[in-house]
1. For LYS180, are the conditions met, namely being without any contact (Cβ under 8 Å) to a residue 24 or more places away in the chain and out of contact with any Gly (no Cβ under 6 Å at 6 or more places or on another chain)?
2. Condition check: under 24 Å from THR110 (Cβ atoms), surrounded by 11 or more Cβ atoms within 10 Å (Cβ to Cβ) and within 24 Å of the chain's Cα centre (by Cα). Does VAL159 satisfy that?
3. Within segment 63-81, work out how many residues are surrounded by 10 or more Cβ atoms within 10 Å (Cβ to Cβ) and either assigned to a loop (DSSP other than H, G, I, E, B) or in contact (Cβ under 8 Å) with a residue 40 or more places away in the chain (or both).
4. State all residues of segment 305-350 that are over 17 Å from ASP157 (Cα atoms) and of a type in the set (Gly, Ala, Ser); if no residue qualifies, say none.
5. Can you confirm whether segment 281-301 contains a residue that is over 29 Å from GLN207 (Cα atoms), modelled with pLDDT of 60 or more and in contact with a helix residue (DSSP H, G or I) (Cβ under 9 Å, 6 or more places away or on another chain)?
6. If ARG136 satisfies every condition in (1) open to solvent by less than 50 Å² (accessible area, probe 1.4 Å); (2) in contact with a Phe, Trp or Tyr (Cβ under 8 Å, 6 or more places away or on another chain) but one, which is the exception?
7. For segment 316-346, which residues satisfy the criterion of being at pLDDT below 80 and open to solvent by 60 Å² or more (accessible area, probe 1.4 Å)?
8. Which ones in segment 32-62 are assigned to a strand (DSSP E or B) and more than 30 Å from ILE223 (Cβ to Cβ)?
Amino acid sequence: MARSIWSGALNFGLVTVPVELYSATQDHTIHFRQFQRGTSDRIRYRRVNERTGEEVPYDEIVKGYDLGGDEYVIIEPEELDEIAPGRSRTIDIDAFVDLEEIDPIFFQKTYWLAPAKEEFGRAYSLLIEAMAKTNRAGLARFVMRGKEYIAAVRAGDGVLVLNTLLFPEDIREPRKEISKLPEVGQAREKEVDMAVSLIESMAEDWQPDEYRDTYTERVMQLIEDKRAGRTVTPAEEPREATKVVDLFEALSRSVEGRKRGAEKPGKPRERAGEAEREKPRRGRASDKKAEGGAPKSKGAAGPDLSDLTKSELDRMARDLDVKGRSKMNRAELEKAVRAASRRQERRRAS
C-alpha cells in the first residue's frame, strides 16, 4: 500500500475536508551503479575542497550564490531555514478556473488526494462530483517539505487529483530562446486544409495502454541476455526522415493512404489484430450466426462488432457505460459491448 507524503485539510469556502496526499506517478527508469572497468570496485563520490583536495564534512558546507566574476554571496543553512515558509496543514482553494484554460506546460507533478478517514467520504465525493460537472479546477497554494507550491485540484476517476504547477517565471518564451522559428502564416491554405483532413483521418480516442516504454524493455532484455550469456542483438537503425519535395503532394498521398485503410504506424498489435479479422471477413455470409446461435444483422441489432476497430468498440463501451473498459483488450471490449447491448435491449423491451 502507498504511504501518504503529506496530510492536512482541503478548504474551499466554508467546506473543509481532511485529506492525505499520495504520489500518483513513479520513476521506472533502470538505474545502474558505476564500477571501474575490469574490476568489481565501486565508484564513489566525495565532497572535496577543490584547492586542497581534502574531503569536507557535511556540517562545514555552506551555500554560495554566484554573482559572476568569481564573486559569491555566502548563505548559511540556518539563514535559509529562517525565511522558509512555515509548515502548512491546509490546501486553500482561492479560485476555480476552466481546466482547458491551464496550458499543459504549467503542469509539473501529479498527486492523489484521499480522505483522511472514511467518515469524510461524503464531503470528498461532493467535491469530485461538483468539479467534474463544472469541468473546473481549484487553484490553491500549499507548503510541502519546506517549499511553497501553486497547485490545481481537479476531479479524476473517483479520486481528487492535485497537480503542482510551475510559476510563470519558470516558463521560457520560445521566440526569445529559439531563433529558427518561422513566422506564422507561411503555410498555404490548401496545405492547411489537407493537413486538417489528415489529422481528422488519424483521430482516435486516447488509449494510454497502447503505448509502452520500449527502450526500458530493451535495456531489461540486454541485462537478461548478458546475465544468461546470450548474444546481444543490436537494435535496428531508425529510418531516415522522408525528403519532402512537394508538401501538398505528401499530405494528399497520406490522406489517400488513410482512406485505403493503410497500416497505422506505431500500432503493430492493432494492425495484427485487424489483419486476422480480415481473413474470415471475405467469406462471411449475411446469415452468419452470432454468439448463442442468433443471426447477426446490421439493422436493429447494430453493426457487426467483429468488424469494428478497438477504438470504435471503446467509444461504444463508453456510451454504454461499461466499467473497466480502459484496461480491456479488443476481444474483451467486444464481449463487454455485446453483453451491455443485450442488457440495454432487454431493458427497452420490458
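1. Numbers: without any contact (Cβ under 8 Å) to a residue 24 or more places away in the chain: yes; out of contact with any Gly (no Cβ under 6 Å at 6 or more places or on another chain): yes.
Answer is yes for this residue.
2. Details: under 24 Å from THR110 (Cβ atoms): yes; surrounded by 11 or more Cβ atoms within 10 Å (Cβ to Cβ): yes; within 24 Å of the chain's Cα centre (by Cα): yes.
So VAL159 fits the description; yes.
3. Of all residues in segment 63-81, those surrounded by 10 or more Cβ atoms within 10 Å (Cβ to Cβ) come to 63-64, 72, 75-77, 79-80.
The next check asks that each one be either assigned to a loop (DSSP other than H, G, I, E, B) or in contact (Cβ under 8 Å) with a residue 40 or more places away in the chain (or both); those that pass are 76.
Within segment 63-81, residues that are surrounded by 10 or more Cβ atoms within 10 Å (Cβ to Cβ) and either assigned to a loop (DSSP other than H, G, I, E, B) or in contact (Cβ under 8 Å) with a residue 40 or more places away in the chain (or both) number 1.
4. Once the filter is applied, which keeps residues that are over 17 Å from ASP157 (Cα atoms) and of a type in the set (Gly, Ala, Ser), segment 305-350 yields SER306, SER311, ALA331, ALA336, ALA339, ALA340, SER341, ALA349, SER350.
5. Checking segment 281-301: not a single residue is over 29 Å from GLN207 (Cα atoms), modelled with pLDDT of 60 or more and in contact with a helix residue (DSSP H, G or I) (Cβ under 9 Å, 6 or more places away or on another chain).
6. (1)
7. Within segment 316-346, ARG325, SER326, LYS327, ASN329 qualify.
8. Step one: filter segment 32-62 for residues assigned to a strand (DSSP E or B), giving 35, 42, 48, 55.
Of everything in segment 32-62, those that are assigned to a strand (DSSP E or B) and more than 30 Å from ILE223 (Cβ to Cβ) turn out to be VAL48, GLU55.
The values are calculated or read from the model by the stated rules, or taken from the named source; none is laboratory data. Predicted model, so just to flag it, every value in this text is computed and none were measured. As a convention, Cβ positions derive from the backbone with ideal geometry for all residues, glycine included, and neighbour counts pool all protein chains shown. To get the accessible areas, we keep the full protein, side chains included, count just its heavy atoms, and leave off ligands, DNA and RNA. Shrake-Rupley method; radii C 1.70, N 1.55, O 1.52, S 1.80 Å.
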